[in-house]
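Undergrad: Right, I'll just put the structure down here and ask away after.
No value in this document is a laboratory result; all are computed from the given coordinates. Predicted, not measured: the structure shown is a model, and the values here were computed from it. Neighbour counts are summed over all protein chains in view; Cβ atoms, including those assigned to glycine, are modelled from backbone coordinates with ideal geometry.
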Amino acid sequence: MYAIVEIAGYQYKIEKGSEIKVPRLNLKEGSEIEFDNVLLVKNNNNIMLGRPIIKGASIKAKVLEHGKEKKIIVFKKKRRKDYKVTRGHRQQYSKIKIEDIKGV
């Protein structure tokens, strides 16, 4: 059984017991959250497709930890103008564990 769910504007394919990294959620570590934007649920050969979401379907998850991704370097340069800028960025994330997929 798997589902496709929208979290913070991104779509993720999830299964029960899987751990995924999502953009940082404003929750404490160890707290539980429920997502209602379920786009698709597949159970054996039954496929439920939402238009755009499935009413009554939800995903229960638990926040495991918060962290930062690896640093990416952003380098800008304009030739013949003596302009060079180097900046770095580390995206914050929350690691969540899927505990239950509730279909209709």
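Undergrad: Quick one: count up the residues across region 45-104 that are surrounded by 11 or more Cβ atoms within 10 Å (Cβ to Cβ) and aromatic (Phe, Trp, Tyr).
TA: Residues in region 45-104 being surrounded by 11 or more Cβ atoms within 10 Å (Cβ to Cβ) and aromatic (Phe, Trp, Tyr): 1 in total.
Undergrad: Would you mind listing the strands (runs of 3 or more DSSP E) fully within region 20-70 where at least 2 residues are in contact (Cβ under 8 Å) with a residue 12 or more places away in the chain and within 17 Å of ILE98 (Cα to Cα)?
TA: Those strands (runs of 3 or more DSSP E) span 32-35, 38-43, 58-68.
Undergrad: What about LYS76, is it of a type outside the set (A, V, I, L, M), more than 24 Å from ALA3 (Cα to Cα) and not in a strand (DSSP E or B)?
TA: Taking the combined requirement at face value, the residue does not satisfy it.
Undergrad: Do you know which residues across region 1-19 are under 9 Å from the mean Cα position of the chain (by Cα) and buried (at least 18 other Cβ atoms within 10 Å of the Cβ)?
TA: Residues satisfying the conditions are VAL5, ILE7, TYR12.
Undergrad: Being over 18 Å from VAL63 (Cβ atoms) and not in a loop (DSSP other than H, G, I, E, B) is the filter here; which residues of region 80-104 pass it?
TA: TYR83, LYS84, VAL85, THR86, ARG87, GLY88, HIS89, LYS102
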